[in-house]
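Here is the structure we will look at.
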Amino acid sequence: MGKEPAQITELPDEFERLQRFIRYHLDHFTLGLVRVNHPALRDELVARLQKSLAVHNIRLIHLDLSNRHPKSLHDAIMNDPVARRILIAPDNAALAITGMEHLIEATTPIDGRPPFAAALNAERDLLRNNLPLPILFCLTDHAMDRLDIAAPDFFDWYSAVFRFQTVTAPLRRPDPQPGISLLGSRAPAYPAPPDDLQNQIETLEKARQLLAAEGSQSYPELAEILKKIGRLYASLPDLADRQLAVSYFKQTSKIYEHINRPAQQAAVLSELAEVYYWIEDFNQASIYFKDALEIFRTLGNRRGEADCLRSLGDVHLPLAEYQLAERYYERAMEIYRSLHLRTEMATCLRSLGDAARLQAKYLQAEKQYKEALKIFRAVGDELSEATCLQSLADNSLQQGQYDAAQRRFEDALEIYRRHGNLLGEANCLRGLGEAYRIQADYFTARAYFEQALERYRALGHRLGEADSIQCLGDVHRRLEKLDRAETDYTEAWAIYRSIGNRLGEANAIQNLGDVYFQKGNYSEAAEFYATALPLYRQVGARAGEAHVLAAQGQIALVTDRKEEAQRCLDEAIHIYQAIGDRYSIAVQTGNYGWALRRVGRNQEARPYLVRAAELFTALGMDDHAERHLEAAHEEPPPKPPSR
């Protein structure tokens, strides 16, 4: 929001050339190479091109391979539902491919040929015969040079080259400030990018080209240049920006390995893993943190070893692999303790608290948060103190201790405001909104969510914006404003997709299913749930997978497929038990009862509601238990608690 578009030079001349190229080569296989060094410029270019070609009834399909790992271009097309259509109906169509940088890694003789690039050479005849249309490869200068080396046969087929540069760097969206994050409690590794970001990238690219031409004697200097470019891209928040950083860091690591500089290689492998973490490719993050860990251990670098262990804990936490995450945190904390690094010890304690809270071990989480809080206060780290207070507030919220949760959110909010930390302020406002939503004070909750949304938009923080819009959807759904809720969830879904947040996408899709379930449109709800389920499984979000299974079971329940309904609930409970989420077992058991009451089957609902009350009592959540018991013995259907 408030973002100014990058400006394209040589417009309209170069842009007109590109349009004419596509129009002239319609219905024929041909390759155009588009050199563009900034992702925002690249995306704007593709969007403008789509709009201008549509006037001539030409479809430009945009295939973005960021954060994907296809074995070949053909596989990438086949696995994309939109791009796949051009194989069936290629008439009046063109294909623009972006985000390939990480797939074509070869730059120097020290690299082998990457599988994706090798496949381009091998399948060029297959592509030519099956894709009678113009194809645009939109790549950075660096990646274009690699393509020439790694896939020379395919590269030789290009018919034209187009170059676009920026006049001014586009305004960035700032990352979370140190100590604050919407992804766990991990702080981003990079400062805000410089105002002259694009000029720096262009200058470094020229230096890279000169050093690459000099050969192996310039590898140390080349590695430094590649690392600097990677850090500039990593400082930007969008998926496409950070995918470029992946490419540069991989090249840097290979050069350090070749020239036998293990300390530098381990450091850059950690940076590479960090970028994968922030684009939520947790499998790749784990691989590269482990590679760095092995080198740090070989070098006897205990601090580096501990940092990698803590990072591996952070990787496994969002995958609901809580016991594994705890083991990594505990091993890291032992090393930090031996090195007398108190702040890092406190960070591990806070993360252990997160793992305990996510397993509904609330007393243990409370103890660990308070231990961490004590250390942060002792060392004077106020922002980490505020993060701990937020975690304590979340812990109170999940136990139904609403007054305590609100006090802690407000204490954290005061610290953030004192430090001028707008993002921390937005996070606390959203937390306060959640506290009021759970208490069914929907109008107060909506006011807090709207305040949070305003701040996220002022920061240009797209993830926070999407999360807040989704929270507003939750409020509107509880108020039975289902069309408004559908609009909110659809808007949030579009943002999650644009930033490559697959977990957010899955959540928004599931929520749309919930809207249609409430409308009584079970077939439409089932389609949304079926779409969300594989997304949850792809990102390893086991809790989300269980939520969808339970929702599918509710559809089976109200449509008289009782055996299927019980099987779905049993599968969901099995997952919840595996990840230690006792709260969700109680919620979903109760939801079966609420679903039956909603369709007037009160007698059938009673056993589920009574069982849910027992489960909530065991968790110490007496208000939830009381609400379910009241519903079990009342004829008029009251409002169910939040899903």
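The values are calculated or read from the model by the stated rules, or taken from the named source; none is laboratory data. Keep in mind that what you see is a predicted model, and the values were worked out from it rather than measured. Glycine also receives a Cβ, built like all others from the backbone with ideal geometry; neighbour counts cover every protein chain displayed. Protein only, heavy atoms only, side chains kept; ligands, DNA and RNA dropped before computing areas. Shrake-Rupley method; radii C 1.70, N 1.55, O 1.52, S 1.80 Å.
Below is a table of values for the structure above.
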item: Local electrostatic count at residue 340 - Lys and Arg +1, Asp and Glu -1, tallied over other residues with Cβ under 13 Å; result: +2
item: Carbon and sulfur %, accessible surface of segment 553-643 computed with the full protein complex present, 1.4 Å; result: 52
item: Solvent-accessible area, 1.4 Å probe, carbon plus sulfur percent, for segment 401-513; result: 45
item: Mean Cβ neighbour count within 10 Å, used as a protection proxy, ranking 316-323, 557-564 highest first; result: 316-323, 557-564
item: Helix-only mean residue ellipticity at 222 nm for the chain, each DSSP H run of n ≥ 4 adding -39500 (n - 2.57), per residue, nearest 500; result: -22500 deg cm²/dmol
item: Ordering of 422-430, 82-90, 436-444 by packing [mean C-beta count within 10 Å, highest first]; result: 422-430, 436-444, 82-90
item: Volume per residue that the Cα convex hull of segment 510-643 spans, once the total is divided by residue count, Å³; result: 94
item: Net +/- balance of residues flanking residue 399 in space, Cβ distance below 13 Å, scoring K and R +1, D and E -1; result: -1
item: For residue 133, residues with placed amide H under 5 Å, excluding near neighbours; result: 28, 29, 30
item: Spatial extent of the chain: Rg and Dmax, with the Cα atoms as the point set, Å; result: 26.3, 83
item: Cα-centre dipole for the chain with unit charges at Cβ (Lys and Arg positive, Asp and Glu negative), debye to 20; result: 360
item: Helical segments meeting 18 Å axial Cα length and Kyte-Doolittle 0.5 threshold in the chain (DSSP H); result: 542-558
item: By average C-beta atoms within 10 angstrom, highest first, the peptides 329-336, 153-160; result: 329-336, 153-160
item: Residue-normalised accessible area of the chain, given per residue in Å² at a 1.4 Å probe; result: 40
item: Segment 204-358, accessible surface, carbon-and-sulfur percent (1.4 angstrom probe); result: 49
item: Cβ-based charge dipole, segment 435-560, positive-most Cα from 458, 479, 526; result: 458
item: Separation between Cα centres of segment 425-456 and segment 510-559, rounded to whole Å; result: 25
item: Summed side-chain charge close to residue 621 - residues other than residue 621 whose Cβ falls under 12 Å, Lys, Arg +1, Asp, Glu -1; result: -2
